[in-house]
Structures are given as C-alpha cells and as structure tokens.
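This report concerns only the one structure given below.
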Amino acid sequence: MNSSIKHFVRHDLGCGCPDEVFETIDVQYAPSGFAGLPGDCLIVIGTRLLVLLIVTVHWPEVSRNLESLVNRGRELRDGGGFNRFRIVLATPEPTAAQAALMEQFGDLPSLDDRVHLHIIAADGLPAALHPRRVNR
C-alpha cells in the first residue's frame with residue numbers, strides 16, 4: 001500500500017520529498033481533525049506532508065467548505081510542524097470542478113504557498129485509497 005501512495009503523491013501530486021519522508025505513511029479514515037467537513041482520509045507522510053483526500057460526486061459541497069478546509073488544514077500543518085498541506089479532490093467531473101474551484105481557492109485570504117489543491121479524476125486514485133463507496 002505505501003508504495004502506491006508514494007507513487008501517487010510523487011507522480012500525480014508532484015511532491016518532491018526525499019525517500020526517507022515516505023518511510024512512515026499513516027492513513028486516517030474519517031479524520032477527526034476535519035469533523036463536520038468533507039474528507040475521506042488524511043494521509044500523514046513522515047513529518048512533512050498532510051494530504052486530505054475527498055472522494056465525491058458532489059464536488060460543490062467542497063466549494064462551500066473550501067475556506068474551512070484550508071483553515072483547518074493550515075492549523076493541523078502548523079500545529080504539527082508539517083511543511084505542506086494538500087487537498088486532493090477526486091471526482092468523476094474533474095474538469096467542471098477544476099473550473100469552479102481553482103479560482104475560488106486562489107482568492108482565499110488564508111492561502112499561503114504551502115497549501116495546495118489538486119483536482120483529479122476519481123478513477124486516477126490508487127486502489128489503496130479508494131473508499132469502499134462514494135456516496136457523498
């Protein structure tokens with residue numbers, strides 16, 4: 001499982017972290033740090049990277065919660081001494097979601113250069129990260 005997550009984070013998300021960062025990968029399903037917000041799992045990679053994965057057919061829900069997601073992710077990143085926080089939205093409609101969300105994301109007042117948003121096709125996720133069902 002860790003090798004597929006490492007490949008996904010490096011190749012699909014563009015992470016340049018060195019190999020030793022990937023020695024510890026923890027996947028937390030239904031992460032309590034994002035209670036009340038969209039989020040299927042939080043992937044904690046070493047002591048450097050937090051990745052929140054949201055798999056949904058209802059991506060407008062992410063739009064309504066984007067600022068809260070970024071704020072909470074920054075809090076967790078900074079509080080835990082991590083370097084980066086990445087939100088990954090996996091949806092069957094990545095083109096529509098990208099058009100709607102990227103401008104909104106770029107205009108957030110709390111955004112910094114260590115928070116990233118990635119919008120991908122749901123079928124581009126590694127099998128290890130597929131939730132049992134996509135129902136949100």
### Query
Taking the DSSP beta bridges in the chain as the whole, what percent of them are antiparallel, to the nearest 5?
40 percent
### Query
Applying 1/(1 + (r/R0)^6) with R0 = 22 Å to the Cβ-Cβ distance of R10 and N83, what FRET efficiency is obtained, to the nearest 0.05?
0.90
### Query
What dipole magnitude, in Debye to the nearest 20, does the chain give about its Cα centre under +1 on Lys/Arg Cβ and -1 on Asp/Glu Cβ?
260 debye
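Under the 0.36 nm per residue contour assumption, what length would be gained going from the current alpha-carbon distance of D112 and T47 to full extension? It would help to have the intermediate numbers written out before the result.
Values: separation 65, 0.36 × 65 = 23.40 nm, distance 1.91 nm.
In short, 21.5 nm is gained.
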### Query
With each run of n ≥ 4 DSSP H residues scored as -39500 (n - 2.57), what mean residue ellipticity at 222 nm is computed for the chain after dividing by its residue count and rounding to the nearest 500 deg cm²/dmol?
-9500 deg cm²/dmol
### Task
Could you tell me the largest-minus-smallest coordinate of the C-alpha atoms of the chain on each of the three principal axes, in descending order and whole angstroms?
36, 32, 26
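Throughout, read-outs are computed from the coordinates displayed, never taken from laboratory work. Every value quoted in this text rests on a predicted model; they were computed, and no experiment measured them. Glycine also receives a Cβ, built like all others from the backbone with ideal geometry; neighbour counts cover every protein chain displayed.
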